[in-house]
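Written below as C-alpha coordinates is the structure these notes are about.
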Amino acid sequence: MIMKDVTQLGSVMAGFMFMWAIFQQWFPEELGNHIQNYFRRLGSYFYPYITITFPEYQSGEFKRSKAYIAIERYLAINSSDRAKKLKANVIKDGKSVVLSMDDYEEVTDEFEGIKIWWSSSITISQQRSLFTNDDGEKRSYKLTCHRKHKEIITKVYLHHVLDEGKAIVMKSRQRKLYTNGNMTSWSHIIFEHPSTFDTLAMNPEKKKDILDDLMTFIKSKDYYKKVGRSWKRGYLLYGPPGTGKSSMIAAMANLLDYDIYDLELTSVSNNTDLKKLLIGTTSKSIIVIEDIDCSLDLTGQRKKKKEKEKKEKEKEKNPVQKKEKDKKIKGSEVTLSGLLNFIDGLWSACGSERLIVFTTNHLEKLDPALIRRGRMDKHIELSFCCFETFKVLAKNYLDLESHDLFSPISRLLEETNMSPADVAENLMPKSSQENAESCLNHLIKVLTNSKEEARLKAVEDSRVKASQSESSVVESSDEESSDGEG
Ligand SMILES: Nc1ncnc2c1ncn2[C@@H]1O[C@H](COP(=O)(O)OP(=O)(O)OP(=O)(O)O)[C@@H](O)[C@H]1O
Ligand SMILES: [Mg+2]
(Lines give C-alpha, C1' and ligand atoms only; values in the text may rest on other atoms or scores of the structure.)
(Ligands and ions follow the chains in the order given, each with its own letter.)
Protein backbone atom coordinates (compact mmCIF):
# COMPACT_ATOMS: atom_id res chain seq x y z
CA MET A 1 0.00 0.00 0.00
CA ILE A 2 2.69 2.43 1.12
CA MET A 3 4.79 1.24 -1.76
CA LYS A 4 1.99 2.19 -4.18
CA ASP A 5 1.82 5.69 -2.63
CA VAL A 6 5.56 6.02 -3.04
CA THR A 7 5.32 4.96 -6.68
CA GLN A 8 2.42 7.34 -7.36
CA LEU A 9 4.31 10.21 -5.77
CA GLY A 10 7.22 9.32 -8.01
CA SER A 11 5.00 9.56 -11.09
CA VAL A 12 3.71 13.00 -10.03
CA MET A 13 7.28 14.24 -9.59
CA ALA A 14 8.27 12.82 -12.97
CA GLY A 15 5.39 14.86 -14.48
CA PHE A 16 6.70 18.00 -12.77
CA MET A 17 10.16 17.43 -14.12
CA PHE A 18 8.80 16.93 -17.63
CA MET A 19 6.87 20.19 -17.51
CA TRP A 20 9.92 21.93 -16.15
CA ALA A 21 11.98 20.66 -19.08
CA ILE A 22 9.51 22.41 -21.44
CA PHE A 23 9.32 25.66 -19.46
CA GLN A 24 13.07 25.77 -19.01
CA GLN A 25 13.60 26.89 -22.62
CA TRP A 26 11.57 30.15 -22.06
CA PHE A 27 13.58 31.55 -19.07
CA PRO A 28 17.00 33.25 -18.99
CA GLU A 29 19.72 30.84 -17.74
CA GLU A 30 20.31 32.39 -14.27
CA LEU A 31 16.64 32.56 -13.43
CA GLY A 32 16.32 29.07 -14.84
CA ASN A 33 18.92 27.72 -12.38
CA HIS A 34 17.12 29.36 -9.45
CA ILE A 35 13.83 27.86 -10.45
CA GLN A 36 15.50 24.51 -11.06
CA ASN A 37 16.98 24.46 -7.53
CA TYR A 38 13.66 25.47 -6.10
CA PHE A 39 11.91 22.63 -7.91
CA ARG A 40 14.57 20.18 -6.78
CA ARG A 41 14.06 21.16 -3.15
CA LEU A 42 10.31 21.02 -3.59
CA GLY A 43 10.71 17.62 -5.23
CA SER A 44 12.81 16.30 -2.31
CA TYR A 45 10.20 17.59 0.10
CA PHE A 46 7.33 15.80 -1.63
CA TYR A 47 9.29 12.76 -2.71
CA PRO A 48 12.03 12.11 -0.14
CA TYR A 49 12.82 8.61 -1.43
CA ILE A 50 15.66 7.08 -3.36
CA THR A 51 15.55 3.96 -5.48
CA ILE A 52 18.33 1.55 -6.39
CA THR A 53 17.84 -0.97 -9.19
CA PHE A 54 19.57 -4.33 -9.49
CA PRO A 55 19.21 -5.83 -12.99
CA GLU A 56 19.32 -9.60 -13.48
CA TYR A 57 22.00 -9.24 -16.16
CA GLN A 58 24.72 -6.59 -15.95
CA SER A 59 25.55 -5.20 -19.36
CA GLY A 60 28.35 -7.17 -20.95
CA GLU A 61 27.72 -10.19 -18.74
CA PHE A 62 26.34 -13.49 -19.93
CA LYS A 63 25.72 -14.85 -16.47
CA ARG A 64 22.97 -13.73 -14.07
CA SER A 65 24.27 -11.07 -11.72
CA LYS A 66 25.45 -12.54 -8.42
CA ALA A 67 23.94 -9.56 -6.59
CA TYR A 68 20.55 -10.22 -8.22
CA ILE A 69 20.64 -13.90 -7.24
CA ALA A 70 21.68 -13.05 -3.67
CA ILE A 71 18.83 -10.49 -3.36
CA GLU A 72 16.36 -13.00 -4.81
CA ARG A 73 17.26 -15.59 -2.18
CA TYR A 74 17.47 -13.06 0.64
CA LEU A 75 14.01 -11.66 -0.07
CA ALA A 76 12.44 -15.11 -0.34
CA ILE A 77 13.46 -15.80 3.24
CA ASN A 78 13.86 -12.51 5.05
CA SER A 79 11.27 -10.02 3.88
CA SER A 80 8.93 -9.37 6.80
CA ASP A 81 5.97 -8.60 4.57
CA ARG A 82 6.08 -11.78 2.48
CA ALA A 83 5.20 -11.81 -1.20
CA LYS A 84 1.88 -13.44 -2.03
CA LYS A 85 2.83 -14.62 -5.49
CA LEU A 86 5.87 -16.85 -5.52
CA LYS A 87 7.92 -18.46 -8.22
CA ALA A 88 9.39 -21.97 -7.87
CA ASN A 89 12.94 -22.56 -9.08
CA VAL A 90 14.07 -26.16 -9.29
CA ILE A 91 17.70 -26.68 -8.27
CA LYS A 92 20.09 -29.52 -7.41
CA ASP A 93 19.21 -31.46 -10.57
CA GLY A 94 15.53 -31.44 -9.75
CA LYS A 95 16.01 -32.57 -6.15
CA SER A 96 15.11 -29.31 -4.47
CA VAL A 97 12.73 -26.38 -4.98
CA VAL A 98 13.57 -22.81 -4.04
CA LEU A 99 10.83 -20.20 -3.85
CA SER A 100 11.34 -16.59 -4.86
CA MET A 101 9.11 -13.57 -5.32
CA ASP A 102 7.20 -13.51 -8.62
CA ASP A 103 7.32 -10.62 -11.12
CA TYR A 104 5.56 -7.38 -10.12
CA GLU A 105 5.50 -8.34 -6.45
CA GLU A 106 6.32 -6.04 -3.56
CA VAL A 107 7.67 -6.82 -0.12
CA THR A 108 9.00 -4.80 2.77
CA ASP A 109 12.03 -5.39 4.91
CA GLU A 110 13.21 -3.74 8.11
CA PHE A 111 16.77 -3.02 9.10
CA GLU A 112 17.77 -1.28 12.34
CA GLY A 113 14.29 0.24 12.52
CA ILE A 114 14.40 1.48 8.91
CA LYS A 115 11.72 0.39 6.47
CA ILE A 116 12.84 -0.71 3.02
CA TRP A 117 10.58 -1.49 0.07
CA TRP A 118 11.57 -4.05 -2.53
CA SER A 119 9.76 -4.64 -5.80
CA SER A 120 10.40 -7.00 -8.68
CA SER A 121 9.74 -5.88 -12.22
CA ILE A 122 10.16 -7.14 -15.74
CA THR A 123 10.42 -5.40 -19.07
CA ILE A 124 10.00 -7.22 -22.34
CA SER A 125 12.53 -6.08 -24.87
CA GLN A 126 11.51 -6.15 -28.56
CA GLN A 127 15.12 -6.55 -29.54
CA ARG A 128 16.46 -9.75 -28.11
CA SER A 129 19.93 -9.40 -26.81
CA LEU A 130 22.56 -11.79 -25.57
CA PHE A 131 22.13 -10.41 -22.09
CA THR A 132 18.49 -11.34 -21.63
CA ASN A 133 16.96 -14.78 -21.61
CA ASP A 134 15.23 -16.32 -24.63
CA ASP A 135 12.02 -14.34 -24.22
CA GLY A 136 13.84 -11.01 -24.25
CA GLU A 137 12.76 -10.42 -20.65
CA LYS A 138 14.75 -8.10 -18.42
CA ARG A 139 14.08 -8.58 -14.75
CA SER A 140 15.23 -6.37 -11.94
CA TYR A 141 14.77 -5.72 -8.25
CA LYS A 142 14.20 -2.18 -7.05
CA LEU A 143 14.98 -1.01 -3.55
CA THR A 144 13.21 2.12 -2.27
CA CYS A 145 14.04 3.83 1.00
CA HIS A 146 13.92 7.28 2.60
CA ARG A 147 16.64 9.60 1.39
CA LYS A 148 17.85 10.26 4.95
CA HIS A 149 18.83 6.59 5.30
CA LYS A 150 20.85 6.51 2.09
CA GLU A 151 24.18 6.18 3.92
CA ILE A 152 23.22 3.25 6.14
CA ILE A 153 21.31 1.50 3.35
CA THR A 154 24.14 1.64 0.83
CA LYS A 155 26.98 1.09 3.27
CA VAL A 156 25.52 -1.42 5.72
CA TYR A 157 22.14 -2.81 4.69
CA LEU A 158 23.11 -3.79 1.15
CA HIS A 159 26.22 -5.62 2.40
CA HIS A 160 24.02 -7.44 4.87
CA VAL A 161 21.54 -8.43 2.13
CA LEU A 162 24.27 -9.59 -0.27
CA ASP A 163 26.19 -11.52 2.40
CA GLU A 164 23.07 -13.26 3.71
CA GLY A 165 21.81 -13.96 0.19
CA LYS A 166 25.15 -15.45 -0.84
CA ALA A 167 25.20 -17.62 2.28
CA ILE A 168 21.70 -18.92 1.42
CA VAL A 169 22.82 -19.62 -2.17
CA MET A 170 25.89 -21.48 -0.88
CA LYS A 171 23.79 -23.59 1.48
CA SER A 172 21.31 -24.66 -1.15
CA ARG A 173 23.74 -25.28 -4.02
CA GLN A 174 25.17 -28.67 -4.84
CA ARG A 175 28.68 -29.00 -3.63
CA LYS A 176 31.33 -30.26 -6.00
CA LEU A 177 34.26 -32.60 -5.79
CA TYR A 178 36.94 -31.49 -8.23
CA THR A 179 39.90 -33.41 -9.49
CA ASN A 180 42.75 -32.39 -11.77
CA GLY A 181 42.02 -35.03 -14.41
CA ASN A 182 43.35 -32.76 -17.12
CA MET A 183 46.80 -31.44 -16.32
CA THR A 184 45.89 -27.78 -15.89
CA SER A 185 42.17 -27.78 -15.29
CA TRP A 186 39.67 -29.23 -12.89
CA SER A 187 36.78 -31.53 -13.67
CA HIS A 188 34.09 -32.21 -11.12
CA ILE A 189 31.28 -34.44 -9.96
CA ILE A 190 28.57 -33.65 -7.40
CA PHE A 191 29.93 -34.14 -3.91
CA GLU A 192 27.57 -36.25 -1.83
CA HIS A 193 29.53 -37.82 1.02
CA PRO A 194 27.47 -38.73 4.09
CA SER A 195 30.28 -38.23 6.62
CA THR A 196 29.61 -35.57 9.25
CA PHE A 197 31.19 -34.63 12.56
CA ASP A 198 28.34 -36.57 14.22
CA THR A 199 29.25 -39.78 12.44
CA LEU A 200 32.99 -39.24 12.87
CA ALA A 201 34.24 -41.39 15.72
CA MET A 202 37.00 -39.79 17.76
CA ASN A 203 37.76 -38.44 21.18
CA PRO A 204 34.95 -35.92 21.95
CA GLU A 205 37.35 -33.27 23.28
CA LYS A 206 39.53 -33.51 20.21
CA LYS A 207 36.46 -33.31 18.00
CA LYS A 208 35.22 -30.21 19.82
CA ASP A 209 38.62 -28.60 19.47
CA ILE A 210 38.56 -29.16 15.68
CA LEU A 211 34.97 -27.92 15.39
CA ASP A 212 35.82 -24.77 17.37
CA ASP A 213 38.85 -24.20 15.19
CA LEU A 214 36.80 -24.47 11.99
CA MET A 215 33.99 -22.27 13.25
CA THR A 216 36.48 -19.64 14.42
CA PHE A 217 38.15 -19.76 11.02
CA ILE A 218 34.98 -19.09 9.03
CA LYS A 219 34.12 -16.11 11.23
CA SER A 220 37.58 -14.60 11.07
CA LYS A 221 37.59 -12.74 7.76
CA ASP A 222 38.25 -9.37 9.42
CA TYR A 223 40.81 -10.82 11.80
CA TYR A 224 42.90 -12.31 8.97
CA LYS A 225 42.72 -8.97 7.18
CA LYS A 226 43.77 -7.12 10.32
CA VAL A 227 46.82 -9.28 10.90
CA GLY A 228 47.76 -9.19 7.19
CA ARG A 229 47.31 -12.88 6.41
CA SER A 230 45.36 -14.39 3.58
CA TRP A 231 42.21 -16.08 4.81
CA LYS A 232 43.21 -19.71 4.69
CA ARG A 233 44.17 -22.44 7.11
CA GLY A 234 46.24 -25.57 6.75
CA TYR A 235 45.35 -28.90 8.37
CA LEU A 236 47.62 -31.91 8.49
CA LEU A 237 45.75 -35.13 9.19
CA TYR A 238 48.02 -38.02 10.06
CA GLY A 239 47.58 -41.53 11.30
CA PRO A 240 47.41 -45.18 10.23
CA PRO A 241 45.12 -46.32 7.39
CA GLY A 242 41.41 -46.48 8.15
CA THR A 243 41.43 -44.03 11.05
CA GLY A 244 39.11 -41.46 9.44
CA LYS A 245 41.34 -38.93 7.65
CA SER A 246 39.35 -38.89 4.41
CA SER A 247 36.10 -39.11 6.38
CA MET A 248 37.13 -36.01 8.32
CA ILE A 249 37.75 -34.04 5.12
CA ALA A 250 34.25 -34.95 3.92
CA ALA A 251 32.83 -33.97 7.32
CA MET A 252 34.63 -30.60 7.11
CA ALA A 253 33.19 -29.95 3.64
CA ASN A 254 29.70 -30.88 4.82
CA LEU A 255 30.00 -28.71 7.90
CA LEU A 256 31.25 -25.61 6.11
CA ASP A 257 29.43 -26.12 2.80
CA TYR A 258 32.70 -26.02 0.92
CA ASP A 259 33.67 -27.62 -2.37
CA ILE A 260 36.61 -30.03 -2.39
CA TYR A 261 39.57 -29.85 -4.78
CA ASP A 262 41.29 -33.22 -4.60
CA LEU A 263 44.73 -32.48 -6.02
CA GLU A 264 46.58 -35.43 -7.53
CA LEU A 265 50.11 -34.05 -7.41
CA THR A 266 51.68 -36.80 -9.47
CA SER A 267 49.63 -35.81 -12.51
CA VAL A 268 50.74 -32.17 -12.40
CA SER A 269 53.61 -31.65 -14.86
CA ASN A 270 55.40 -28.69 -13.35
CA ASN A 271 55.21 -25.74 -10.98
CA THR A 272 53.55 -23.52 -13.60
CA ASP A 273 50.72 -26.01 -14.06
CA LEU A 274 50.38 -26.24 -10.29
CA LYS A 275 49.97 -22.46 -10.19
CA LYS A 276 47.32 -22.62 -12.93
CA LEU A 277 45.38 -25.20 -10.96
CA LEU A 278 45.56 -23.00 -7.88
CA ILE A 279 44.17 -20.03 -9.80
CA GLY A 280 41.35 -22.28 -11.02
CA THR A 281 40.07 -22.96 -7.49
CA THR A 282 37.28 -20.97 -5.91
CA SER A 283 36.82 -19.53 -2.44
CA LYS A 284 34.98 -21.53 0.21
CA SER A 285 36.78 -24.70 -0.69
CA ILE A 286 39.10 -27.35 0.69
CA ILE A 287 42.19 -28.16 -1.32
CA VAL A 288 43.20 -31.70 -0.45
CA ILE A 289 46.44 -33.54 -1.10
CA GLU A 290 45.99 -37.11 0.14
CA ASP A 291 48.95 -39.28 1.10
CA ILE A 292 51.39 -36.44 0.61
CA ASP A 293 54.29 -38.69 1.63
CA CYS A 294 53.57 -40.91 -1.38
CA SER A 295 53.66 -37.95 -3.79
CA LEU A 296 56.96 -36.50 -2.67
CA ASP A 297 60.05 -38.29 -3.83
CA LEU A 298 61.88 -38.73 -0.61
CA THR A 299 64.37 -41.28 -1.76
CA GLY A 300 67.72 -40.74 -0.17
CA GLN A 301 66.26 -38.67 2.64
CA ARG A 302 67.01 -41.33 5.18
CA LYS A 303 70.73 -41.64 4.48
CA LYS A 304 73.16 -41.77 7.34
CA LYS A 305 72.09 -38.89 9.49
CA LYS A 306 75.44 -37.26 10.21
CA GLU A 307 76.57 -37.42 6.61
CA LYS A 308 73.31 -35.86 5.55
CA GLU A 309 73.49 -33.05 8.08
CA LYS A 310 77.02 -32.22 6.92
CA LYS A 311 75.91 -32.06 3.31
CA GLU A 312 72.91 -29.93 4.24
CA LYS A 313 75.19 -27.40 5.92
CA GLU A 314 77.37 -27.21 2.84
CA LYS A 315 74.33 -26.72 0.65
CA GLU A 316 72.99 -23.94 2.85
CA LYS A 317 76.22 -22.07 2.17
CA ASN A 318 75.87 -22.56 -1.56
CA PRO A 319 72.51 -21.32 -2.92
CA VAL A 320 72.91 -23.15 -6.26
CA GLN A 321 73.29 -26.44 -4.48
CA LYS A 322 70.47 -25.49 -2.15
CA LYS A 323 68.18 -25.23 -5.13
CA GLU A 324 69.23 -28.66 -6.29
CA LYS A 325 68.28 -30.24 -3.00
CA ASP A 326 64.68 -29.36 -3.73
CA LYS A 327 62.78 -32.61 -3.87
CA LYS A 328 60.56 -33.41 -6.79
CA ILE A 329 57.11 -34.88 -6.99
CA LYS A 330 57.32 -38.43 -8.25
CA GLY A 331 56.89 -38.60 -12.02
CA SER A 332 56.57 -34.85 -12.45
CA GLU A 333 58.64 -31.69 -12.48
CA VAL A 334 56.80 -30.15 -9.53
CA THR A 335 59.26 -29.39 -6.77
CA LEU A 336 58.90 -29.03 -3.05
CA SER A 337 59.43 -25.28 -3.33
CA GLY A 338 56.69 -25.18 -6.01
CA LEU A 339 54.41 -26.90 -3.55
CA LEU A 340 55.38 -24.55 -0.74
CA ASN A 341 54.59 -21.61 -3.01
CA PHE A 342 51.27 -23.23 -3.83
CA ILE A 343 50.41 -23.31 -0.14
CA ASP A 344 51.52 -19.90 0.98
CA GLY A 345 53.24 -18.02 -1.82
CA LEU A 346 51.88 -14.81 -3.31
CA TRP A 347 49.56 -16.71 -5.63
CA SER A 348 47.94 -18.54 -2.77
CA ALA A 349 46.20 -15.28 -1.82
CA CYS A 350 44.21 -15.26 -5.09
CA GLY A 351 41.20 -16.79 -3.34
CA SER A 352 39.99 -16.59 0.21
CA GLU A 353 38.25 -18.68 2.84
CA ARG A 354 40.09 -21.84 1.98
CA LEU A 355 41.37 -24.84 3.83
CA ILE A 356 44.39 -26.77 2.64
CA VAL A 357 44.46 -30.32 3.97
CA PHE A 358 47.27 -32.84 3.68
CA THR A 359 46.87 -36.43 4.79
CA THR A 360 49.63 -38.92 5.50
CA ASN A 361 50.16 -42.29 7.11
CA HIS A 362 53.79 -41.38 7.84
CA LEU A 363 54.26 -38.03 9.51
CA GLU A 364 57.97 -38.71 10.05
CA LYS A 365 58.57 -38.90 6.29
CA LEU A 366 57.48 -35.33 5.62
CA ASP A 367 59.86 -32.45 5.14
CA PRO A 368 59.60 -30.15 8.19
CA ALA A 369 59.33 -27.12 5.87
CA LEU A 370 56.14 -28.52 4.42
CA ILE A 371 54.33 -28.95 7.70
CA ARG A 372 55.64 -26.09 9.81
CA ARG A 373 53.01 -23.98 11.58
CA GLY A 374 51.82 -21.24 9.32
CA ARG A 375 51.65 -23.70 6.46
CA MET A 376 49.96 -26.58 8.19
CA ASP A 377 48.51 -24.65 11.12
CA LYS A 378 46.81 -27.55 12.82
CA HIS A 379 48.24 -31.04 13.10
CA ILE A 380 45.56 -33.61 13.86
CA GLU A 381 46.41 -37.16 14.77
CA LEU A 382 43.83 -39.83 14.01
CA SER A 383 44.78 -42.99 15.74
CA PHE A 384 43.68 -46.55 16.43
CA CYS A 385 40.28 -47.12 17.92
CA CYS A 386 40.07 -46.30 21.62
CA PHE A 387 37.01 -46.79 23.81
CA GLU A 388 35.77 -43.20 23.21
CA THR A 389 35.93 -43.81 19.46
CA PHE A 390 34.22 -47.17 19.83
CA LYS A 391 31.32 -45.59 21.77
CA VAL A 392 30.58 -43.24 18.85
CA LEU A 393 30.73 -46.15 16.39
CA ALA A 394 28.45 -48.31 18.60
CA LYS A 395 25.96 -45.42 18.74
CA ASN A 396 26.09 -44.89 14.96
CA TYR A 397 26.13 -48.50 13.85
CA LEU A 398 24.05 -50.24 16.53
CA ASP A 399 22.14 -47.43 18.27
CA LEU A 400 23.73 -48.53 21.54
CA GLU A 401 24.88 -46.12 24.24
CA SER A 402 25.81 -48.78 26.79
CA HIS A 403 25.93 -52.56 27.10
CA ASP A 404 27.44 -55.16 29.44
CA LEU A 405 29.86 -56.15 26.66
CA PHE A 406 31.30 -52.62 26.50
CA SER A 407 33.71 -53.22 29.38
CA PRO A 408 35.49 -56.29 27.89
CA ILE A 409 35.64 -54.41 24.57
CA SER A 410 37.17 -51.40 26.34
CA ARG A 411 39.92 -53.64 27.83
CA LEU A 412 40.59 -55.36 24.51
CA LEU A 413 40.83 -52.05 22.64
CA GLU A 414 43.54 -50.93 25.07
CA GLU A 415 45.51 -54.06 24.29
CA THR A 416 45.16 -54.03 20.49
CA ASN A 417 45.75 -51.68 17.59
CA MET A 418 42.59 -51.83 15.52
CA SER A 419 41.57 -49.02 13.18
CA PRO A 420 38.08 -47.48 13.50
CA ALA A 421 37.48 -48.74 9.92
CA ASP A 422 38.01 -52.36 11.09
CA VAL A 423 35.93 -51.89 14.24
CA ALA A 424 33.13 -50.33 12.19
CA GLU A 425 33.23 -53.21 9.73
CA ASN A 426 32.84 -55.70 12.59
CA LEU A 427 29.94 -53.77 14.07
CA MET A 428 27.92 -53.94 10.87
CA PRO A 429 25.27 -56.67 10.93
CA LYS A 430 26.01 -59.14 8.14
CA SER A 431 22.60 -60.80 8.04
CA SER A 432 19.05 -60.10 9.21
CA GLN A 433 19.55 -62.63 12.06
CA GLU A 434 22.34 -60.58 13.63
CA ASN A 435 21.44 -58.17 16.42
CA ALA A 436 23.48 -55.63 18.38
CA GLU A 437 24.66 -58.20 20.93
CA SER A 438 25.83 -60.70 18.32
CA CYS A 439 27.74 -57.88 16.58
CA LEU A 440 29.46 -56.97 19.86
CA ASN A 441 30.30 -60.62 20.49
CA HIS A 442 31.70 -60.84 16.99
CA LEU A 443 33.87 -57.78 17.64
CA ILE A 444 35.14 -59.31 20.91
CA LYS A 445 36.14 -62.44 18.99
CA VAL A 446 38.00 -60.44 16.34
CA LEU A 447 39.74 -58.28 18.98
CA THR A 448 40.79 -61.38 20.94
CA ASN A 449 42.20 -62.97 17.78
CA SER A 450 44.01 -59.76 16.89
CA LYS A 451 45.48 -59.58 20.43
CA GLU A 452 46.70 -63.17 20.14
CA GLU A 453 48.18 -62.50 16.68
CA ALA A 454 50.00 -59.45 18.04
CA ARG A 455 51.38 -61.53 20.93
CA LEU A 456 52.64 -64.25 18.58
CA LYS A 457 54.17 -61.63 16.29
CA ALA A 458 55.96 -60.00 19.20
CA VAL A 459 57.36 -63.39 20.26
CA GLU A 460 58.49 -64.08 16.69
CA ASP A 461 60.05 -60.61 16.35
CA SER A 462 62.04 -60.97 19.54
CA ARG A 463 63.20 -64.44 18.43
CA VAL A 464 64.40 -63.01 15.07
CA LYS A 465 66.10 -60.13 16.85
CA ALA A 466 67.90 -62.46 19.22
CA SER A 467 69.13 -64.70 16.41
CA GLN A 468 70.28 -61.63 14.42
CA SER A 469 72.30 -60.25 17.33
CA GLU A 470 73.75 -63.75 17.94
CA SER A 471 74.93 -64.02 14.34
CA SER A 472 76.42 -60.51 14.42
CA VAL A 473 78.40 -61.49 17.54
CA VAL A 474 79.69 -64.60 15.72
CA GLU A 475 80.59 -62.52 12.62
CA SER A 476 82.53 -59.92 14.61
CA SER A 477 84.43 -62.62 16.54
CA ASP A 478 85.27 -64.28 13.19
CA GLU A 479 86.54 -60.93 11.86
CA GLU A 480 88.62 -60.39 14.99
CA SER A 481 90.22 -63.81 14.70
CA SER A 482 90.98 -63.35 10.95
CA ASP A 483 92.52 -59.87 11.72
CA GLY A 484 94.70 -61.53 14.29
CA GLU A 485 95.83 -64.11 11.74
CA GLY A 486 96.72 -61.35 9.25
N1 LIG B 1 37.12 -42.11 12.89
C2 LIG B 1 36.17 -42.70 12.16
N3 LIG B 1 34.88 -42.45 12.38
C4 LIG B 1 33.92 -43.03 11.65
N5 LIG B 1 34.15 -43.87 10.66
C6 LIG B 1 35.43 -44.17 10.39
C7 LIG B 1 36.50 -43.57 11.12
N8 LIG B 1 37.65 -44.05 10.63
C9 LIG B 1 37.34 -44.87 9.64
N10 LIG B 1 36.01 -44.95 9.49
C11 LIG B 1 35.30 -45.78 8.51
O12 LIG B 1 36.27 -46.46 7.75
C13 LIG B 1 36.25 -46.11 6.38
C14 LIG B 1 37.66 -45.71 5.95
O15 LIG B 1 38.01 -44.51 6.60
P16 LIG B 1 38.84 -43.35 5.89
O17 LIG B 1 38.85 -43.55 4.42
O18 LIG B 1 38.33 -42.04 6.39
O19 LIG B 1 40.27 -43.66 6.48
P20 LIG B 1 41.65 -42.95 6.15
O21 LIG B 1 42.26 -42.56 7.45
O22 LIG B 1 41.47 -41.89 5.14
O23 LIG B 1 42.46 -44.16 5.54
P24 LIG B 1 43.73 -44.10 4.51
O25 LIG B 1 44.91 -43.63 5.30
O26 LIG B 1 43.87 -45.52 4.07
O27 LIG B 1 43.36 -43.18 3.40
C28 LIG B 1 35.29 -44.96 6.25
O29 LIG B 1 34.45 -45.13 5.17
C30 LIG B 1 34.50 -44.97 7.53
O31 LIG B 1 33.30 -45.63 7.32
MG1 LIG C 1 42.10 -41.66 3.14
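The values are calculated or read from the model by the stated rules, or taken from the named source; none is laboratory data. Quantities reported herein were computed from a predicted structural model and do not represent experimental measurements. Note that we place each Cβ from the backbone using ideal geometry, even for glycine, and neighbour counts take in every protein chain shown. Please note that ligands, DNA and RNA were not included when accessible areas were found on the heavy atoms of the full protein model with its side chains. Shrake-Rupley method; radii C 1.70, N 1.55, O 1.52, S 1.80 Å.
Miscellaneous remarks
- Site pair Asp103 and Glu434 shows an inter-label distance of 5.9 nm when each label is modelled 7 Å from Cα along Cα→Cβ.
- Restraint check, Lys63/Lys275; Lys63/Lys208; Lys225/Lys365, Cα-Cα greater than 30 Å: Lys63/Lys208; Lys225/Lys365
- Think of the range 387-471 as a dipole: +1 on every Lys or Arg Cβ, -1 on every Asp or Glu Cβ, centred on the Cα centre; then among Thr416, Asn435, Leu400, Thr416 lies furthest on the positive end.
- Whole-Hz couplings from phi, Karplus 6.51/-1.76/1.60, listed for the range 279-293; x for Gly and Pro: 5, x, 8, 10, 5, 6, 8, 10, 9, 10, 10, 7, 6, 4, 5
- Separation in nanometres of the label points that stand 7 Å from Cα toward Cβ, at Arg229 and Lys457: 3.9
- Members of Lys142/Lys166; Lys150/Lys176; Lys207/Lys465 lying beyond 28 Å, as alpha-carbon distances in this model show: Lys150/Lys176; Lys207/Lys465
- For the range 137-178, the square roots a ≥ b ≥ c of the C-alpha gyration tensor eigenvalues yield an a/c of 1.5 or more together with a/b not exceeding b/c, which makes the shape oblate.
- For Glu137, distant residues with modelled amide H under 5 Å away: Ser125
- Taking only protein heavy atoms and a 1.4 Å probe, the accessible area of the range 387-471 is 50% carbon and sulfur.
- Think of a 1.4 Å ball rolled over the protein heavy atoms: the range 387-471 then has 63 Å² of accessible area per residue.
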